[in-house]
Each structure stands twice: as structure tokens, then as C-alpha cells.
Amino acid sequence: RTIPIFNEVVLSGVKGLCIVRTYPPQIKNRFHSNPDMVWLTKTETPSQINPLPFDYVSPSDLGKLSTTLQRFLKTAPKGVVILEGVDYLIRHNDFNQVLKFLQALKDQVILSKAILLLPLNPPAFEPKDIKVLQCEIEQEI
């Protein structure tokens, strides 16, 4: 559901960033533009012989992920971001750490007048956690 929204916004001339759990070459054709892609993966650094054509961040490195997002929001005010894999981030971090990360991201998005698309899969979460996330994040940003 979020990719058609992302495509619509990017086609209006806005820069986009996709942070995805899905291997980027498998979903790249679903985008009407060529957005920046960051893969959430525990895979180690690829070899210098065969570097990846996109960035990647470990799900346990919320600091690097935050820096990546801050950099994008500074260079693309009013940009659009898809952050896929919140459940994956929680599996590799404490729920409260991820919640704090998302709260800070939400504030950055608001200040840069950007759009954050955060697809969630409710069955992948504890019921109390999904309620907290929905209360904190579920709004038009």
C-alpha cells in the first residue's frame, strides 16, 4: 500500500528514500522512479570485487540508520521516506529503543516537512506494542 503513495509523491518532483528489509533488486521495479535504497540486513560488508549498488545498514545499528535518515532529510527537505521492517528492527533491538528511534525520526520528519511512510504488519507485533506504535506514529506526517 505504501509504494503507490511513495510513487505518487516522488512523481510530483519530491526526492525519495526507501529503507527496506526486502532485498532492493527484488522490489526496485515496483518504483516508478529510481529512489535511493538502503537495505536493512545483518549481512557483512560485501567484497570490494562485487560491491552492492545500494547502501545497507545493520538493524542493530540504530545510530547509523538515524544518521542515514538525518542526512537524507537535510538534503531533501519535503522528501518522502519509506521505512519497511520495523518488526525486524525490534527483533534486533529492544522495543523501547526502536520506539525512541521512531519518535526522534517523527520529529525530524515534521521539522523537514517530509513524509514518512511506515508500513506495519500488526500480527508481527505484541498487541500492546502495536497499540503504542499506533498511538505514537499513526498520523499524517
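The values are calculated or read from the model by the stated rules, or taken from the named source; none is laboratory data. Computed from a predicted structure; not experimentally measured. So basically every Cβ, Gly included, is an ideal-geometry build from the backbone, and we count neighbours across all protein chains shown. Each accessible area value is taken on the protein alone, full model and side chains, heavy atoms only, with ligands, DNA and RNA left out. Shrake-Rupley method; radii C 1.70, N 1.55, O 1.52, S 1.80 Å.
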Q) If you take the residues of region 1-58 that are at pLDDT 85 or above and charged (D, E, K, R), which of them is farthest from Gly79 (Cα to Cα)? A) Lys42
Q) In region 5-47, what residues are open to solvent by 10 Å² or more (accessible area, probe 1.4 Å), touching a residue at least 24 places away in the same chain (Cβ under 8 Å) and assigned to a strand (DSSP E or B)? A) Asp36
Q.
Are there strands (runs of 3 or more DSSP E) fully within region 50-141 with at least 1 residues that are surrounded by fewer than 18 Cβ atoms within 10 Å (Cβ to Cβ)? List them.
A. 55-57
Q) Which residues, taken from region 64-115, are touching a residue at least 40 places away in the same chain (Cβ under 8 Å) and charged (D, E, K, R)? A) Lys78, Glu84
